[in-house]
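Some notes on the structure that comes next.
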Amino acid sequence: MPIDLTDRIQLFRQAGQQLADASSPEDVATLLRVWVTYPLPADAEAIPGTTGGEALERYRVTPASPSITALVSTDIPAAETWDHPVTHLDAATVDLRLISFFDWEVSAPRPFQYLRARIIRADDPVLTGRDALLEAADCRVEYLD
């Protein structure tokens, strides 16, 4: 049965905005470990704070509404260019896996506005394998046990 991490991720985001030095990797890792991954099995992969390149297979990202606005990578693998012409993903036909949190802002406090996710499956096969940036507030995140 999946473990819903959505509320914990929202708490993490709020705390990150309040930290005086949220850009410190140690602070981010501590917050993630304490607030987000605490209820998970001991062998659960850690969620990278703001970097990461591999999709975390057991962390499913689901849009909270039937369609979600997304910034989709132009390249595979993603090269930090987010101008693919597709800008909406259909929740019923897309399978997303979490990669990390993402921010345009690199100084503290950080809003952790986006989740970076890999598109594992989509109704449009051109999207499969691409990364997408999704508003964290518009997503649910589950750990698949």
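Work through the residues other than Val86 whose Cβ is under 13 Å from its Cβ and net out their charges, Lys, Arg +1 and Asp, Glu -1. If you can, show how the numbers build up before the last one.
On the way: positive: Arg130; negative: Asp83, Asp90, Asp123, Asp124, Asp131.
Cβ neighbours under 13 Å give a net charge of -4.
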Item to check | Placed amide H near Leu96: partners under 5 Å, 5+ positions off or other chain | outcome: Val61, Ile120
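What's the ranking of 125-133, 71-79 by average number of surrounding C-beta atoms within 10 Å, highest first? Mind showing how you got there, number by number?
Working: 125-133: 18.9, 71-79: 16.0.
The packing order, highest mean first, is 125-133, 71-79.
Each value in this text was obtained by applying a stated rule to the coordinates, not by laboratory testing. Computed from a predicted model, the values in this text were never measured in an experiment. With ideal geometry, Cβ positions are generated from the backbone for all residues, glycine too; neighbour counts draw on all protein chains shown.
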